[in-house]
Amino acid sequence: MCSSDLADLLSDLRRPPPNGLHGFFAAHASAGGQHITANFDPCIELAAAASGRDVEVLHFHGSFADDDSGESLGATLARIERGFPPDIGDRLAATVTAAAGQLLVFVGYSGSDFFDVDPFLQRLAATKLSGTALWVDHSDGPPRLLCGQAAARARPQLAWLEQAGMQVHQITAPTRLALAALAEAWGFPPPDPSHGLEHSWQPITAPAEPARQRA
């Protein structure tokens with residue numbers, strides 16, 4: 001599959017409708033918060049624009065917000081297997097270490113980027129950081145909080161950040177509930193409920209069943 005085919009198959013992410021979580025992240029970014037995402041879509045930027053705001057979001061795998069053609073998206077093994085390009089690594093390091101004592105929140109993230117994000121965080125273990133890292137582990141069950149060594153044992157990324165000097169926590173709870181608590185602490189409205197909006201999309205490339213089986 002060539003890069004143009006891949007960009008076409010991902011093109012439904014060009015302008016999907018933002019939801020309440022994107023609106024919350026846009027409000028946070030417009031208030032001076034830093035936002036890093038693995039997502040290709042420009043939903044946070046679109047949510048901000050709908051409210052007359054302009055925000056900067058770091059898409060470490062590229063995005064349709066920065067390149068509408070999709071040709072630069074880091075969606076292939078060849079693009080990510082060597083880790084982050086120097087410019088992305090530098091921007092990530094500057095963002096994570098931007099302020100002493102800051103709160104670093106992981107939300108809606110699988111933690112499965114073992115070619116680039118994990119090596120980046122593992123290298124941070126040898127640095128000196130302060131502040132708090134909170135990993136939101138989505139679950140529809142009763143909320144559960146792990147702190148310190150218990151959180152580090154549950155999540156290697158938190159173990160590396162703890163080695164660097166951060167206080168680490170993992171909360172297992174519905175994501176919206178966790179973000180609503182942050183919103184209250186920061187003086188923001190809680191995220192709007194999920195709206196379930198759909199948008200029509202038809203790719204140019206239509207994979208045949210043999211191609212699906214080979215994939």
Of the residues that make up segment 126-144, is at least one of a type in the set (V, I, T), out of contact with any helix residue (DSSP H, G or I) (no Cβ under 7 Å at 6 or more places or on another chain) and at pLDDT below 95? yes
Could you list all residues from segment 87-132 that are open to solvent by 30 Å² or more (accessible area, probe 1.4 Å) and on the phi > 0 side of the Ramachandran plot? G101, G108
Single residue of A47, A65, A29 found to be surrounded by 15 or more Cβ atoms within 10 Å (Cβ to Cβ), closer than 18 Å to P17 by Cα, modelled with pLDDT of 90 or more and not basic (K, R): A47
Quick check on segment 133-148. Is at least one of its residues open to solvent by 50 Å² or more (accessible area, probe 1.4 Å), free of Cβ contacts under 8 Å to residues at least 40 places away in the same chain and within 13 Å of the chain's Cα centre (by Cα)? no
If a residue must be open to solvent by less than 70 Å² (accessible area, probe 1.4 Å), assigned to a helix (DSSP H, G or I) and either in contact with a Cys (Cβ under 8 Å, 6 or more places away or on another chain) or within 26 Å of A93 (Cβ to Cβ) (or both), how many such residues does segment 157-177 contain? 6
Condition first: open to solvent by 20 Å² or more (accessible area, probe 1.4 Å) and modelled with pLDDT of 60 or more. Now tell me which residues in segment 73-86 satisfy that. R79, I80, E81, R82, F84, P85, P86
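The values are calculated or read from the model by the stated rules, or taken from the named source; none is laboratory data. Treat the numbers as computed from the prediction; the structure is a model and nothing was measured. Don't worry about glycine lacking a Cβ; one is built from the backbone with ideal geometry, like all the others, and counts go over all protein chains shown. We work out accessible area using only protein heavy atoms, side chains counted, and drop any ligands, DNA or RNA first. Shrake-Rupley method; radii C 1.70, N 1.55, O 1.52, S 1.80 Å.
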